[in-house]
Amino acid sequence: MAIIAVASILSTLVPVAPNETRIFVKAVLALPKILMLLLCINLLFCTTRRLPGVLRKVTQDISLENEEDSFQKNSYDTFKIKDAVSHENFIENYFKENKYKFKKKSSGESIQFIAQKGKLSLIAPHLLHVGLAIVLIGAVFGSYFGAEGRLSAGVGETAKVPVEVAENMVVKVNDFKTIYDEHNNIDNWQSDLTVSVDGKEPVQGVTKVNHPFKYKGVVFYQSAYGYFHTVSVETGMGEVERTIRNRAMDKMLSSVLGQFFVIDKAKDGVNVILFETHDKYKSIHIKKGETVEFPNGKLKYLGTEPYTVLTVKRDPGTSIVMLGFLIMSLTSFLFWIGRYREVRVTLDRAKKSMMLKVSSKSKAIKEEIIEELTSKK
Amino acid sequence: MANLLVNLLIATLVGYFTASLLYIANLFTGNRSRVATYVTIIGFLLNTASLVVRSLLTGTLPLGNMFEFGLFFLWGIVLIYIIIEFKYKMNTVGVFVLPMATIFIMWLTFSQDPTRISPMMPALRSYWLHIHVFTAVIAYGAFAVSFALALMYLIKDQLILMGSKSKLVKSLPELKVLEELTYKIIFFAMPFLTLVLVTGAVWAEYAWGKYWSWDPKETWALITWFIYAVYLHIRLMMGWKGRKSMILAVVGFIAVIFTFVGVTYLLPGLHSYA
């Protein structure tokens, strides 16, 4: 785990270029993933080997049936007591107050107790390992059998879902809108879609950020959006009508008939920045149908239509990963139950003695229990 | 309202700074007075009021950017500290936690702009944000207190090794107590750190279509998880106690701070807003 931590640190510090090709960088990026996979294989082997025994212990009911044998096998500490009857009550109360599950048996001169607590904590680390391994298995499964792609379409247009994600699946964008909150800030972006396969069983749905739309195992995420601005440009070279595609918040420079300009969606129209030999010449807000003039000609704004960009994904591993996450979340709180401890006590009325054995992996817990059970004078 | 927020932040800073001085004075004079605790509680209430005012300004829970999360994180640190002080009757921990809180709020007030309100981006407008950040506040707050305890341990241990008989050695709690409490706090916080990772991953799946992107913030949160997992493993399975495990507790919190501040400034990625 320490090596994974170091490898992960390295992977975040190495500078990565877009479309990275350097083998060294690729190796550094892949190292934590490979190590994680090795860790999971290790955890799975370890847990598979130990889990049956732990499960047996957890599901087995507490019993004093073979206590005589255990008595022979286990080394007990012996303490002198004054009165077995009052000690019996004291021990019984101790187990009840500390919420132990216990059994008691009297035979002849001896009274035997067996008590256990925190049984579920025995299984917690193994379930956590299983959860982590399931997450990794789901991720590997998804990377082999899943696929992801992107599509974009304007309102009223159709687009094909990339074939590696789904075959013959077509999306029609019925509407795209920006939703505003009560303070007029952007709350979300929403695409209204109709999805069909081979033109059959068309299904309508809505996708927006944090609320993806699912259809036949394919998930549609609202990923980005932009605008098609239609303009007419007239210069000494002639007149031409063009549609310019601009991704939202991405001010790209356009060129039509040698005229450079940036066109950007604004409230009730567009903002146009005109350039004259690389220098900003004019910045103006115009509405639909209006014209802006520049030294060698003019630009007329004819209208804007939005388009939406969707990420489409088919990942059969996601449900497996989510199951792993659920197991990890639940079991991480199982540790709070406290560490497992088992207490065996035999009181001997005739010898006025108490034999005590405490089993726990924690030395501190052992010492604490022995101290408390021998505190009665 | 923005001015009120600034005034509350400065009042909180004064509260935490005064409490720091009182705790330090108590340590060196051996005074058992609870004034430092009461001043801490007043500072905490002012911290809470700052969060409330910020919520009123933004119209939502203040969790949308580094300043807001920082203020909430600070609140978590002091809350966990107050609980620890009352539960374990150990006010010397305040000597380390309150100065840390003072530096933190100074940084928030003077290097961030508390009056700047920016609308929350659509990806953050999800109930997952509340669960994700709230679990982070509990986990990171507890780790901050465990860091203070580990530092106390290392300082006392070093002074003992050097044969010091200073008042500080006598005033600091026993090494065994510091070690045990550090472990208990990390043990308590670890499930919340797991939830931070899990809720973040589930939310990312809904928002971005990827439960894990190896984004620097995600990777560093995972590194932090591994460091604390190593700490718990070596303590529980291998029985490592004392200096080595305390150093690991300190390293764990350094990773927490780097995840929170360092990654944002040095390694921008998908979480660049936080």
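The values are calculated or read from the model by the stated rules, or taken from the named source; none is laboratory data. None of these values were measured; they are calculated from a predicted model. Virtual Cβ from ideal backbone geometry, glycine too; neighbours counted across all protein chains shown.
Comparison of A:Val195, A:Val206 shows that the only residue that is surrounded by 17 or more Cβ atoms within 10 Å (Cβ to Cβ) and part of a strand (DSSP E or B) is A:Val195. Given the residues B:Leu57, B:Leu74, B:Leu45, which is the only one that is within 14 Å of another protein chain (Cβ to nearest Cβ), among the hydrophobic types (A, V, I, L, M, F, W, C), assigned to a helix (DSSP H, G or I) and closer than 22 Å to B:Leu4 by Cβ? Going through B:Leu57, B:Leu74, B:Leu45 in turn, the sole match is B:Leu57. Taking the conditions (1) of a type in the set (Asp, Glu); (2) crowded, with 19+ Cβ neighbours inside 10 Å; (3) more than 41 Å from the chain's Cα centre (by Cα) in turn, A:Asp315 satisfies each one other than (3). Flag: B:Tyr183 matches the condition of being over 25 Å from B:Tyr265 (Cα atoms), out of contact with any Pro (no Cβ under 8 Å at 6 or more places or on another chain), part of a helix (DSSP H, G or I) and more than 8 Å from chain A (Cβ to nearest Cβ). Total residues in the stretch B:204-218 satisfying the condition of being within 20 Å of A:Gly217 (Cα to Cα), facing chain A (nearest Cβ under 8 Å) and assigned to a helix (DSSP H, G or I): the figure is 4.
Conditions (1) modelled with pLDDT of 85 or more; (2) within 14 Å of chain B (Cβ to nearest Cβ); (3) over 39 Å from the mean Cα position of the chain (by Cα), marked per residue:
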residue: A:Thr178; (1), (2), (3): yes, yes, no
residue: A:Ser232; (1), (2), (3): yes, no, yes
residue: A:Val240; (1), (2), (3): yes, no, yes
residue: A:Asp279; (1), (2), (3): no, no, yes
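Report whether or not A:Leu122 is modelled with pLDDT under 90, within 14 Å of another protein chain (Cβ to nearest Cβ) and either outside any helix (DSSP H, G or I) or on the phi < 0 side of the Ramachandran plot (or both). For A:Leu122, the condition - modelled with pLDDT under 90, within 14 Å of another protein chain (Cβ to nearest Cβ) and either outside any helix (DSSP H, G or I) or on the phi < 0 side of the Ramachandran plot (or both) - is met. If you go through the stretch A:272-281 one residue at a time, do you hit one that is of a type in the set (A, V, I, L, M, F, W, C), surrounded by fewer than 19 Cβ atoms within 10 Å (Cβ to Cβ) and touching a Pro at 6+ places or on another chain (Cβ under 6 Å)? No.
Filtered by the rule that a residue be farther than 18 Å from A:Val135 by Cβ and at the interface with chain B (Cβ under 10 Å from one of its Cβ atoms), the stretch A:310-334 gives A:Leu310, A:Thr311, A:Val312.
Checked against (1) on the phi > 0 side of the Ramachandran plot; (2) at pLDDT 90 or above, A:Gly108 passes all but a single condition, namely (2). Among the residues of the stretch B:90-125, those identified as small (Gly, Ala, Ser) and at pLDDT below 90 are B:Ser111, B:Ser118, B:Ala123.
So that you can scan it fast, the table gives a plain yes or no per residue for (1) at pLDDT 90 or above; (2) closer than 25 Å to B:Asn91 by Cβ:
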residue	(1), (2)
B:Leu178	yes, yes
B:Lys184	yes, yes
B:Pro191	yes, no
B:Ala201	yes, no
B:Lys217	no, no
B:His233	no, no
B:Gly242	no, yes
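Evaluate the stretch A:89-98: report whether one residue or more is out of contact with any Lys or Arg (no Cβ under 8 Å at 6 or more places or on another chain) and either under 30 Å from B:Ala229 (Cβ atoms) or among the hydrophobic types (A, V, I, L, M, F, W, C) (or both). Yes - at least one qualifying residue is present in the stretch A:89-98. Once the stretch A:105-128 is narrowed to residues that are touching a residue at least 24 places away in the same chain (Cβ under 8 Å) and farther than 17 Å from A:Lys57 by Cβ, the residue that is nearest to the chain's Cα centre (by Cα) is A:Leu128. Determine, yes or no, whether B:Val145 is farther than 26 Å from B:Leu195 by Cα and surrounded by 21 or more Cβ atoms within 10 Å (Cβ to Cβ). So B:Val145 fails the test.
To keep it simple, each residue is scored yes or no on (1) away from chain B (no Cβ under 14 Å); (2) free of Cβ contacts under 8 Å to residues at least 24 places away in the same chain; (3) under 26 Å from A:Gly142 (Cβ atoms).
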position	(1), (2), (3)
A:Thr207	no, no, yes
A:Asn210	no, yes, yes
A:Lys214	no, yes, yes
A:Val219	no, no, yes
A:Thr235	yes, no, no
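Taken over the stretch A:318-338, the criterion of being surrounded by fewer than 17 Cβ atoms within 10 Å (Cβ to Cβ) and part of a helix (DSSP H, G or I) is satisfied by A:Ser319, A:Leu323, A:Leu326, A:Leu330, A:Phe333, A:Trp336, A:Ile337. Checked against (1) touching a strand residue (DSSP E or B) at 6+ places or on another chain (Cβ under 9 Å); (2) away from chain B (no Cβ under 14 Å), A:Asp187 meets all criteria but (2). Out of the residues in the stretch A:339-377 meeting the condition of being small (Gly, Ala, Ser) and part of a strand (DSSP E or B), tell me which one is nearest to A:Leu132 (Cα to Cα). Once the filter is applied, the top-ranked residue is A:Ser360. Tell me, yes or no, whether the stretch A:134-154 has at least one residue that is in contact with a helix residue (DSSP H, G or I) (Cβ under 7 Å, 6 or more places away or on another chain), in the same structural domain as A:Lys357 (by TED's automatic domain parsing) and either among the aliphatic types (A, V, I, L, M) or surrounded by fewer than 19 Cβ atoms within 10 Å (Cβ to Cβ) (or both). No, the stretch A:134-154 has no match at all.
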